[in-house]
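Comments concern the structure below.
Each value in this text was obtained by applying a stated rule to the coordinates, not by laboratory testing. Please read these numbers as outputs of a predicted model, since none were measured by experiment. Cβ placement follows ideal geometry from the backbone for every residue including glycine, while neighbour counts extend to all protein chains displayed.
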Amino acid sequence: MTTAFTLDRKQRAWCAELRALAADTLRPLADEGAPGRVNRPLVAALGRHGLLSRVAPADGPVSAMDLCLLRESLAQECTEAETALALQGLGAHPLLRWGTARQRARWLPEIAAGRVVTAFALSEPDAGSDAAALRLRADPDPDPAPDPGGVGGWRLTGEKCWISNAPEADLYTVFARTGPAPGSSGITAFLVPADRPGLGGSPLEMLSPHPVGTLVFDGVPVGPEDVVGEVGGGFAVALGTLDLFRPSVGAFAVGMARAALRAAVDHAGEREAFGGPLKNLQAVSHQLAEMATRTEAAALLVLAAAASYDAGEPGVARRSAMAKLFATETAQYVVDAAVQIHGARALRRGHLLEHLYREVRAPRIYEGATEVQRAIIAKELYR
């Protein structure tokens, strides 16, 4: 029987196929893209090879295990492909799980094909990890066109910040405050196409190379047909999405850690110093052993969280937080140690480890910073 601690032969073969696809097909497309911009040929290739249908399936839930295996495998060979896939899944998941049949039929086939780029618009300038503090207003439209049920619409006013794929995405899942209650109450999720009047934004130059930007809402109209889930139920939509994706952020981190570890092992075996290869130095060999052990532990924690999610077991929030916390912190340590073993050559622009060094920092912050994950875990201990 397969457990959370082993992958069966089929899963291992799939991971090998994913790594080969990333190295041979997706990596060249990523290299042709501009850093900090949406790479539409890469997104289209993910759709063409059937990978986006795994994160935005038309006829069923997303498998947390599949999502983690996808993200870890792609990250080992092409972090840009991994991130493009993850962002499509993150933006689409509220629609997939809580959207109406009409919403799903309209958007999911286009997302899965890579023809529509999505984004998850939760964070704001003053509401990052404290997502319940968001201020984007959804004010009742003073001159609405009521739907057949007599329900009017809203106008979105405010700003979102640190939004991946913004401002180039075609479709945003936007979280706004429809009620006066503070905190998590009164937040609603909306689908907002990029061509809505009053919607603008600008890109941000970030340390990591994937696209991030701001969104500005100047009375953007939304109606009942744009609501995802229930009015006032948006915070549950956000948390439910993050519970699925947090372990897979850990899987992304594990993939980067594996790539860095592999590079460090190769370099230590080939690099001559002090009369022999670096691997013969106890300080280096013990460092490699520590890197390998922590990476394996992080991988197991991620797999356990994914298996727990798919099985519908209790404690998903705690396991998801543990997986993200430990894996992202581990990846930061492993990449940094790999850079140290390589020395100055790893700091040159274009080196694999220089790239990973920029990539590895952000996952410790987004989708709930390390400190937030510790708070979640502690809270769950007393639940």
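Across 112, 176, 289, mean-square fluctuation computed from a Gaussian network of the chain (C-alpha pairs under 10 Å connected) peaks at 289. With Cα atoms defining each centre, segment 303-321 and segment 34-101 are spaced 20 Å apart in the structure.
Evaluate segment 118-232: find the radius of gyration of its Cα atoms, find its Kirkwood radius, and give the ratio Rg to Rh.
0.97
Taking square-rooted eigenvalues a ≥ b ≥ c of the alpha carbon gyration tensor, is segment 10-61 rounded, prolate or oblate, where a/c under 1.5 means rounded and, failing that, a/b exceeding b/c means prolate? Since a/c reaches 1.5 but b/c is at least a/b, the shape of segment 10-61 is classed as oblate. What the Cα convex hull of segment 1-135 gives, in volume per residue, is 142 Å³. Protection proxy ranking, highest mean first, for peptides 8-15, 317-324, 336-343: 317-324, 336-343, 8-15, where packing is the per-residue count of other beta-carbon atoms within 10 Å, averaged. Alpha-carbon geometry of the chain: the Rg and the Dmax are 21.4, 82 Å, given in that order.
Modelled spin labels at residue 113 and residue 345, positioned 7 Å past Cα toward Cβ, are 4.7 nm from each other.
When the chain is treated as a GNM with alpha-carbon contacts under 10 Å, the residue of 122, 136, 239 showing the greatest mean-square fluctuation is 239. The helix-based estimate of mean residue ellipticity at 222 nm for the chain, built from -39,500 (n - 2.57) per DSSP H run of four or more residues and divided by its residue count, is -16500 deg cm²/dmol to the nearest 500. Once C-alpha pairs closer than 8 Å and six or more residues apart are averaged by separation and normalised to the residue number of the chain, the relative contact order reads 16 percent.
For residue 58 and residue 290, a Förster radius of 51 Å and the Cβ-Cβ distance give a FRET efficiency of 0.70, rounded to the nearest 0.05. Rounded, prolate or oblate: which fits segment 88-132, taking a ≥ b ≥ c as square roots of the Cα gyration tensor eigenvalues, rounded meaning a/c under 1.5, else prolate when a/b beats b/c? In terms of gyration-tensor shape, prolate.
Placing +1 on each Lys and Arg Cβ and -1 on each Asp and Glu Cβ, with no other charges, gives the chain a dipole about its Cα centre of roughly 700 debye. Helix 282-311 axis versus longest C-alpha principal axis of the chain: approximately 30°, rounded to the nearest ten. Reachable aspartates and glutamates from residue 279, Cα under 13 Å, same-chain residues fewer than 8 places away excluded? Of all the aspartates and glutamates, those that pass the test against residue 279 - Cα under 13 Å, at least 8 places apart if same chain - are 266, 270.
Projecting the Cα atoms of 333, 365, 314 onto the charge dipole of segment 249-383, computed from C-beta unit charges around the Cα centre, puts 365 farthest toward the positive end. Our summary of shape: the Cα atoms of segment 236-381 have principal axis extents of 59, 27, 23 Å, ordered from largest down, in whole angstrom.
The residue 336 and residue 205 beta-carbon pair, evaluated with R₀ = 35 Å, returns a calculated FRET efficiency of approximately 0.90. Springs between Cα atoms under 10 Å define the GNM used for the chain, and in it the highest mean-square fluctuation of 206, 256, 291 occurs at 206.
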